[in-house]
Each structure stands twice: as structure tokens, then as C-alpha cells.
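K.L.:
Mind having a look at this structure? Questions to follow.
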């Protein structure tokens, strides 16, 4: 139960950060040097992937992680096009 709670809290935090990064990406501000958050989608991808290898995660938690990975993949694609 502790592991599930931890993973859910982490994914909730990551979900908020990804939403902020999505809005930055859509506005064309891919990297904000003055921001107090990590602005590289690859950082958040790594955090999610590390969480998803934890054994015994419930399906709904895993689905949330997978959905976030899809969002990050889209962001990474847009960033690659902008470069």
C-alpha cells in the first residue's frame, strides 16, 4: 500500500509538471532558464519509467503512467521539430 501511495503521489506531481511543460511547449517556450522546474521532457520520462518498473502496481496507476509517457512523447516530437 505504501508503494502504491508513493507512486500515485509521484505520478500526480509529474502529471502537473507535464501539464505545465505542455503549455510552455505550445507557447513555444521549450526551455525556460528562469523556471523553478525541470523543463526537459526526458527527465520526466525517466522518472515515470523508473516508477513503472515497480512490481505489483495496480492497472489504473500503470495506465496513468503510460498516458503520461504518451504526452511526453508528443512533447518530445514537437521539440524535435522546433530544433
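Values in this text are rule-based calculations from the coordinates and carry no lab data. Bear in mind that the values here come from a model prediction, so they are computed numbers and not experimental data. Note that each Cβ is placed from the backbone with ideal geometry, even for glycine, and that neighbours are counted across all protein chains shown.
K.L.:
Could you check the simple spin-label distance between residue 15 and residue 53, using points 7 Å along Cα→Cβ, in nm with one decimal?
P.N.:
Label at residue 15, label at residue 53, 2.4 nm between them.
K.L.:
For a footprinting-style exposure proxy, rank 63, 47 by other Cβ within 10 Å, fewest first.
P.N.:
Placing the least packed residue first, the sequence is 63, 47.
K.L.:
Would you kindly state how much longer the chain becomes between residue 22 and residue 8 on full extension, computed as 0.36 nm times their sequence separation minus their alpha carbon distance, in nm to one decimal?
P.N.:
Here the segment from residue 22 to residue 8 would lengthen by 3.0 nm.
K.L.:
Mind sorting 38, 53 by how few other Cβ atoms lie within 10 Å of their own Cβ, fewest first?
P.N.:
53, 38
K.L.:
Using the number of other C-beta atoms within 10 angstrom as an exposure proxy, rank 75, 17 with the fewest first.
P.N.:
17, 75
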